[in-house]
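First comes the structure, then the notes that go with it.
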Amino acid sequence: MVGLQGAGKSTWVAEHLAGTHVVVSKDHWPNARHREARQRRVVAQLLAEGASVVVDNTDPSPAERAALVELAVAAGVPVRAVFLDVPLETCRRRNDARTGRARVPDVGLFSTAARLVPPSTVEGFTDVQVVAG
Ligand SMILES: Nc1ncnc2c1ncn2[C@@H]1O[C@H](COP(=O)(O)OP(=O)(O)O)[C@@H](O)[C@H]1O
Ligand SMILES: [Mg+2]
């Protein structure tokens, strides 16, 4: 998954992949140290077990997605990007409406938006799906 905070990634995952894929997200362990490394280990383990996996993070830049593409290639499985292409203002509005941990400071959204590069097959994705919002 690729998209800003509030773009609708988790909603899309719940609607389209919940029955078939194991959902992995750093949001599941917000306080853990070395969350990146931990996520890579979890994804690698699941792929080794033959599970289909969806990674539900913002992953806005090619650099932030590269390790996941590599894990899929190493496991010999196709890797698809689903990009929730939603305007920043829409995401800000949805974020504002959230409460608790789900709501991030605006600066977090701006930072992610500044790093955002739409995913491309050039990065190694087998397929790129754009969901407009
Ligand atoms: N297609 C949509 N249209 C309108 N609101 C949506 C849509 N998808 C999600 N939302 C709402 O936007 C908020 C953020 O959705 P969520 O899926 O948690 O985003 P993300 O996981 O990308 O941060 C939630 O309140 C959700 O109900
Ligand atoms: Mg989410």
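When you scan region 61-69, do you find a residue that is within 16 Å of ligand 2 (Cβ to nearest atom), of a type in the set (Gly, Ala, Ser) and closer than 13 Å to VAL2 by Cα, even just one?
Within region 61-69, not a single residue is within 16 Å of ligand 2 (Cβ to nearest atom), of a type in the set (Gly, Ala, Ser) and closer than 13 Å to VAL2 by Cα.
Mind checking which residues of region 1-35 are under 12 Å from the mean Cα position of the chain (by Cα) and at pLDDT below 95?
Those that are under 12 Å from the mean Cα position of the chain (by Cα) and at pLDDT below 95: LYS26, ASP27.
Can you tell me how many residues in region 1-29 are more than 12 Å from ligand 2 (Cβ to nearest atom) and part of a loop (DSSP other than H, G, I, E, B)?
6
Consider region 87-111. How many of its residues are more than 16 Å from ALA132 (Cα to Cα) and either free of Cβ contacts under 8 Å to residues at least 24 places away in the same chain or out of contact with any helix residue (DSSP H, G or I) (no Cβ under 9 Å at 6 or more places or on another chain) (or both)?
13
So which residues in region 87-112 are closer than 26 Å to ARG41 by Cβ and in a helix (DSSP H, G or I)? So that I can check it myself, show each step before the final result.
Step one: of region 87-112, the residues closer than 26 Å to ARG41 by Cβ are 101-102, 104, 108, 111-112.
ARG101, ALA102, GLY108, SER111, THR112 - these are the residues of region 87-112 that are closer than 26 Å to ARG41 by Cβ and in a helix (DSSP H, G or I).
Return the pairs, sorted by first residue and then second, in which the second residue is among the polar types (S, T, N, Q) and surrounded by 14 or more Cβ atoms within 10 Å (Cβ to Cβ), the first residue lies in region 113-133 and is in a loop (DSSP other than H, G, I, E, B), the beta carbons are less than 9 Å apart, and the residues are 6+ apart or on different chains.
That search, which allows pairs on different chains as well, returns LEU116/THR58; LEU116/SER61; VAL117/SER61; GLY133/THR90.
As an exercise: evaluate ARG98 against (1) more than 17 Å from the chain's Cα centre (by Cα); (2) surrounded by 15 or more Cβ atoms within 10 Å (Cβ to Cβ) and give the number of the one condition it does not meet.
So ARG98 meets the others, but not (2).
Got at least one residue in region 75-86 being more than 17 Å from VAL128 (Cα to Cα), assigned to a strand (DSSP E or B) and within 15 Å of the chain's Cα centre (by Cα)? Lay out the reasoning, then the answer.
The first filter runs over region 75-86 and keeps only residues more than 17 Å from VAL128 (Cα to Cα), leaving 75-76.
After this cut, where a residue has to be assigned to a strand (DSSP E or B) as well, the list is none.
Looking through region 75-86, none of the residues is more than 17 Å from VAL128 (Cα to Cα), assigned to a strand (DSSP E or B) and within 15 Å of the chain's Cα centre (by Cα).
The values are calculated or read from the model by the stated rules, or taken from the named source; none is laboratory data. No experiment lies behind these values; they were computed from the predicted model shown. Counting neighbours? That spans all protein chains shown, and the Cβs are built from the backbone with ideal geometry, glycine included.
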